[in-house]
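S.K.: Submitted below is the structure of interest, expressed as structure tokens.
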Amino acid sequence: MAELQRMGETMGAMNKRLEQLESDNQQLQRQLAEAKDKKPQLEVAASVPKPETGKIPSNVKLPTFGGRLDEDVQTWLAQISMIYDAAELDVKQRFLYTVPLLQGVAACWVVSLLKSRRVLWPEFMKEIVDRFTRQHANLVVRDELYSLNQQGSVVIYGGKFQTLISRLSDMSEIEKISLYQRGLYPSLRAQVRGMAEATLDDNMKIAEAFDRQFARSTMTGHQAKPRMETAILSTSDKEQYLREG
């Protein structure tokens with residue numbers, strides 16, 4: 001009786017083992033079927049060529065830069081850098097691709113730069129930004145100076161003028177005086193030019209003195225000091241006029 005009981009337990013264990021093996025076999029068949037279905041997709045993906053690194057595709061057009069006032073050098077550098085990054089160009093390749101993109105003033109600048117010394121890519125990027133950002137800013141300031149005119153008080157006009165010239169480092173004293181006088185009211189301009197002062201500061205003092213004298217005569221109704229459109233005063237006369245003004 002005990003023997004039959006042991007045989008029954010053994011048969012039960014074997015049946016459970018067979019069921020487990022059958023379950024494992026079914027799972028394996030499913031995995032093989034799924035792998036078979038995915039194989040063509042993997043082959044297709046593997047057959048798609050990867051972009052060639054170290055070279056820009058011929059259908060990609062790189063933007064040029066001419067150094068004109070309406071161009072922004074930093075925007076241009078950002079555009080070409082994105083393309084270079086995608087193509088995984090090294091610094092030497094970036095430089096070789098970039099030089100032919102420069103035109104006009106920028107082309108002349110880079111030729112002069114390369115003749116003077118050997119330049120690497122990081123240094124080139126800094127040099128071109130410094131060169132054309134500064135040039136752009138200078139041209140904008142000069143445009144503002146040439147369009148600046150006295151609209152009211154000569155003191156306010158002078159303050160605006162000095163603010164603008166403080167942003168320039170390459171303007172001579174004669175050029176400053178010429179531009180300052182050019183923006184004055186015509187009648188005041190004639191008075192200041194007649195004094196023939198050699199510095200901007202003196203020209204501004206003369207203009208302010210004439211302006212104060214005119215303002216006082218207007219308020220009191222007294223006749224203004226006689227105009228001296230063409231007179232060239234002596235130094236002592238000028239000092240006396242400024243004290244009286």
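The values are calculated or read from the model by the stated rules, or taken from the named source; none is laboratory data. Just so it is clear, the structure is predicted and the values come from calculations on it, not from any experiment. No Cβ is skipped: glycine too gets one built from the backbone with ideal geometry, and neighbour counts run over all protein chains shown.
S.K.: Here is a list of conditions, (1) more than 30 Å from GLN103 (Cα to Cα); (2) surrounded by fewer than 19 Cβ atoms within 10 Å (Cβ to Cβ), and VAL141 meets all of them except one; can you say which number that is?
M.R.: Just one mismatch for VAL141, condition (1).
S.K.: Hey, another quick one. Name the single residue, out of those in the stretch 55-105 being over 18 Å from the mean Cα position of the chain (by Cα) and among the β-branched types (Val, Ile, Thr), that is farthest from GLU123 (Cα to Cα).
M.R.: Top of the filtered list is VAL60.
S.K.: Taking THR218, is it modelled with pLDDT under 95, within 30 Å of GLN135 (Cα to Cα), loosely packed, with under 13 Cβ neighbours inside 10 Å and out of contact with any helix residue (DSSP H, G or I) (no Cβ under 8 Å at 6 or more places or on another chain)? Can you show your working first?
M.R.: Values: modelled with pLDDT under 95: yes; within 30 Å of GLN135 (Cα to Cα): no; loosely packed, with under 13 Cβ neighbours inside 10 Å: yes; out of contact with any helix residue (DSSP H, G or I) (no Cβ under 8 Å at 6 or more places or on another chain): yes.
Judged against the criteria, THR218 is not a match.
S.K.: Would you check if SER58 is surrounded by fewer than 17 Cβ atoms within 10 Å (Cβ to Cβ), hydroxyl-bearing (Ser, Thr, Tyr) and not in a helix (DSSP H, G or I)?
M.R.: The answer is yes for SER58.
S.K.: Here is a follow-up. Filter the stretch 175-202 down to the residues that are more than 38 Å from the chain's Cα centre (by Cα), among the aliphatic types (A, V, I, L, M) and surrounded by fewer than 17 Cβ atoms within 10 Å (Cβ to Cβ), then identify the one that is farthest from LYS160 (Cα to Cα).
M.R.: Looking at residues that are more than 38 Å from the chain's Cα centre (by Cα), among the aliphatic types (A, V, I, L, M) and surrounded by fewer than 17 Cβ atoms within 10 Å (Cβ to Cβ), I get ALA196.
S.K.: Let me ask you something else. Of PHE132, PHE95, which residue is of a type in the set (Phe, Trp, Tyr) and either under 30 Å from SER166 (Cα atoms) or in contact with a Ser or Thr (Cβ under 9 Å, 6 or more places away or on another chain) (or both)?
M.R.: When all the criteria are applied, what remains is PHE132.
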